[in-house]
1. Report, by residue number, each residue of segment 287-301 that is within 16 Å of the ligand (Cβ to nearest atom) and in contact with a Leu (Cβ under 8 Å, 6 or more places away or on another chain).
2. Has segment 165-175 got any residue that is within 15 Å of the ligand (Cβ to nearest atom), closer than 28 Å to Ala200 by Cα and in a helix (DSSP H, G or I)?
3. Determine whether segment 143-155 contains at least one residue that is away from the ligand (no atom under 16 Å from the Cβ) and either in contact (Cβ under 8 Å) with a residue 60 or more places away in the chain or farther than 21 Å from Gly9 by Cα (or both).
4. Tell me, please, whether a residue that is open to solvent by less than 60 Å² (accessible area, probe 1.4 Å), more than 16 Å from the ligand (Cβ to nearest atom) and within 19 Å of Gly79 (Cβ to Cβ) can be found in segment 178-193.
5. Take the residues in segment 113-133 that are touching a residue at least 12 places away in the same chain (Cβ under 8 Å) and open to solvent by 20 Å² or more (accessible area, probe 1.4 Å); name whichever of them is nearest to the ligand (Cβ to nearest atom).
6. Mind listing whichever residues of segment 6-44 are free of Cβ contacts under 8 Å to residues at least 60 places away in the same chain and touching a Ser or Thr at 6+ places or on another chain (Cβ under 6 Å)?
7. Output the number of the condition that Leu235 fails; it satisfies all remaining conditions of (1) surrounded by 13 or more Cβ atoms within 10 Å (Cβ to Cβ); (2) at pLDDT below 65; (3) away from the ligand (no atom under 15 Å from the Cβ); (4) assigned to a helix (DSSP H, G or I).
8. If you go through segment 266-304 one residue at a time, how many are open to solvent by 20 Å² or more (accessible area, probe 1.4 Å), free of Cβ contacts under 8 Å to residues at least 60 places away in the same chain and assigned to a helix (DSSP H, G or I)?
Amino acid sequence: MKFEKRMLGKCNLLLSPLGLGSGFFFRHSQAELDALIHLALENGINYIETAECYGDAEEKIGKSLKSSSVESYVFSKCGHKDDHEQPAWTRKELTESIERSLKRLQVECIDLMQLHSCNKGILKKGDCIEVLQKAKKEGKIRYMGYSGDGAEALYAIKTGAFDTIMTSLGLADQESIDLLLPESRENKLGILAKRPLSNAMWSSNTDVLSAKRSLWQRLKQYNLERVKHRLRRLLAGNQPMPPFYSERFAELEYFKLLQEMDLAEIALRFTLSIPGVHSAVVGTTSKENLLKNLRSIEKGELEPELYRKIRERWQLVAKKHWTARR
Ligand SMILES: NC(=O)c1ccc[n+]([C@@H]2O[C@H](COP(=O)([O-])OP(=O)(O)OC[C@H]3O[C@@H](n4cnc5c(N)ncnc54)[C@H](OP(=O)(O)O)[C@@H]3O)[C@@H](O)[C@H]2O)c1
């Protein structure tokens, strides 16, 4: 496939504009993932993004990459044990986590290791930054990044310690465009977009009421303890619950603005048109969607007029509490 690679800020990594996210790899077999990862690499995607807490994703990625002859980069994240809800931010835990990632990924050096959305207090303490700096000196990681959003991400950028930032950027997630990107560009950080398709939530609902119904159905399927933990975390932070993507899509009424257009394509091209964004990490386990996304990025950036309309729509409709989804 034909697309230009982009240099990731001040990092010496020439990246494909599309990366492969692995949040749901744990649900798939090694054989399925081998086929998916090899297809991605053969079609020009040159990095995979993962995390220690994505179940057995790192292990499976390690095996798939070993069985491919195509050169690629591997990015990971640290700061939680097996599950997103188990924080592990001490020096010892982070150091052990990096060692585990190296082993699972079967590499001697991880191209980018990111702190997985820790809060400001942890960042201020400085231990986690020092652990990454030490790992970098020892050649265990090549670059260090922060993955997250809002005030924490802004603080991380301002420390000057990080090479990259990964933040939520998409049709239904535009907070970071003004909040984080100007400072990131000024500091020449590599900028990765997470959730660039806003989890493809447009496909589920087109009006606010059915969006709320479907949210309730989804909450009922979740593990109760996990839901309680998330709610407690939100309340402790004294922040209003950010609405789910489906509600945002319904209120933004992109369906009217974009009419018959293919939303997956528009979403991806929109994210890649945001000034400063180097690459978008799309989480997929579908070969069809992977190829479709590759075809979308071949079309390049969005027409400036359409980009402007989407931004205007957001500026008109988005509420203050439509913060970036974590
Ligand atoms: N705090 C953090 O650091 C953080 C948080 C969230 C995400 N991330 C990273 O960012 C990556 C991307 O985020 P994400 O996976 O949450 O969101 P996303 O990439 O916006 O959306 C992924 C969803 O979109 C679907 N999809 C992909 N291509 C599609 C297409 N062409 N048409 C329709 N649906 C499509 C996928 O389903 P199929 O599998 O069926 O294609 C999946 O359900 C993750 O994998 C992870 O690596 C990091």
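The values are calculated or read from the model by the stated rules, or taken from the named source; none is laboratory data. No experiment lies behind these values; they were computed from the predicted model shown. Neighbour counts are summed over all protein chains in view; Cβ atoms, including those assigned to glycine, are modelled from backbone coordinates with ideal geometry. Quick note on the areas: whole protein, heavy atoms, side chains included, nothing else; ligands and nucleic acids left out. Shrake-Rupley method; radii C 1.70, N 1.55, O 1.52, S 1.80 Å.
1. Correct list: Lys287, Leu290, Leu291, Asn293, Leu294, Ser296, Ile297.
2. Scanning segment 165-175, I find at least one residue that is within 15 Å of the ligand (Cβ to nearest atom), closer than 28 Å to Ala200 by Cα and in a helix (DSSP H, G or I), so the answer is yes.
3. no
4. Within segment 178-193, none of the residues are open to solvent by less than 60 Å² (accessible area, probe 1.4 Å), more than 16 Å from the ligand (Cβ to nearest atom) and within 19 Å of Gly79 (Cβ to Cβ).
5. Ranking the qualifying residues of segment 113-133, first place goes to Ser117.
6. Scanning segment 6-44 gives Asp34, Ile37, His38, Leu41.
7. (1)
8. Counting residues in segment 266-304 that are open to solvent by 20 Å² or more (accessible area, probe 1.4 Å), free of Cβ contacts under 8 Å to residues at least 60 places away in the same chain and assigned to a helix (DSSP H, G or I) gives 4.
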